[in-house]
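Below is one structure, written out as C-alpha cells; comments come after it.
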Amino acid sequence: MKFDTRQAGVDEENRRTPYVLLSRCFEFPGPATIEWHDGLDYDGGGEIVSITLSKARVFMKLDRAMDFDVSFQISDRKFAQLSTYLKRMLDQRIHSEE
C-alpha cells in the first residue's frame, strides 16, 4: 500500500516529493514493513505500533518515536478496500474512524 504524491511512472532517481509505503509478505510470517521518502532522502524500518484510519487520513505510529500523518481523497468503494486491506495487513494495530 503506497501513499504517494507523484504519478506512477515518474523517474524515482530525481524524486523530491514524499511517499509512505507499507508492505507485508503474506506467504511467510512476519510483521508489515514501512519505508518512506521525506522529499530529500529514503528511509525505513521500525515496527508499526498503531494506525488510525479515517476516510481522508491515516495516522501511523512507529516504535522509533516517529509518526506519519497522511491525508488523501478516495471514493467510498476504494476506502472500503483500503480499510479491509490494512486490517488484514496489520491485524489488531488498526483503528477505524468511519
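Taking the stated definitions as given, is LEU90 part of a helix (DSSP H, G or I), touching a residue at least 40 places away in the same chain (Cβ under 8 Å) and either among the hydrophobic types (A, V, I, L, M, F, W, C) or touching a strand residue (DSSP E or B) at 6+ places or on another chain (Cβ under 9 Å) (or both)?
yes
Hey, does segment 21-32 have a residue that's under 14 Å from ASP67 (Cα atoms) and either in a strand (DSSP E or B) or acidic (Asp, Glu) (or both)?
Yes - at least one qualifying residue is present in segment 21-32.
If a residue must be surrounded by 12 or more Cβ atoms within 10 Å (Cβ to Cβ) and either modelled with pLDDT under 85 or within 23 Å of CYS25 (Cα to Cα) (or both), how many such residues does segment 71-80 contain?
2
Scanning segment 34-49 for residues that are acidic (Asp, Glu) and within 13 Å of the chain's Cα centre (by Cα), which turns out modelled with the highest pLDDT?
Looking at residues that are acidic (Asp, Glu) and within 13 Å of the chain's Cα centre (by Cα), I get GLU35.
Within segment 1-48, how many residues are among the β-branched types (Val, Ile, Thr) and loosely packed, with under 15 Cβ neighbours inside 10 Å?
Total meeting the criteria: 3.
Keeping to segment 51-87, report how many residues are part of a helix (DSSP H, G or I), out of contact with any Leu (no Cβ under 7 Å at 6 or more places or on another chain) and in contact (Cβ under 8 Å) with a residue 60 or more places away in the chain.
2
Does segment 15-22 include one or more residues that are under 23 Å from ARG93 (Cβ atoms), among the aliphatic types (A, V, I, L, M) and in contact with a Ser or Thr (Cβ under 7 Å, 6 or more places away or on another chain)?
no
Looking at segment 50-95 only, could you name the residues that are among the small types (Gly, Ala, Ser) and either more than 14 Å from the chain's Cα centre (by Cα) or within 14 Å of MET1 (Cβ to Cβ) (or both)?
Hits for segment 50-95 are ALA65, SER75, ALA80, SER83.
The values are calculated or read from the model by the stated rules, or taken from the named source; none is laboratory data. Predicted model only: the values in this text are computed from it and were never measured. With ideal geometry, Cβ positions are generated from the backbone for all residues, glycine too; neighbour counts draw on all protein chains shown.
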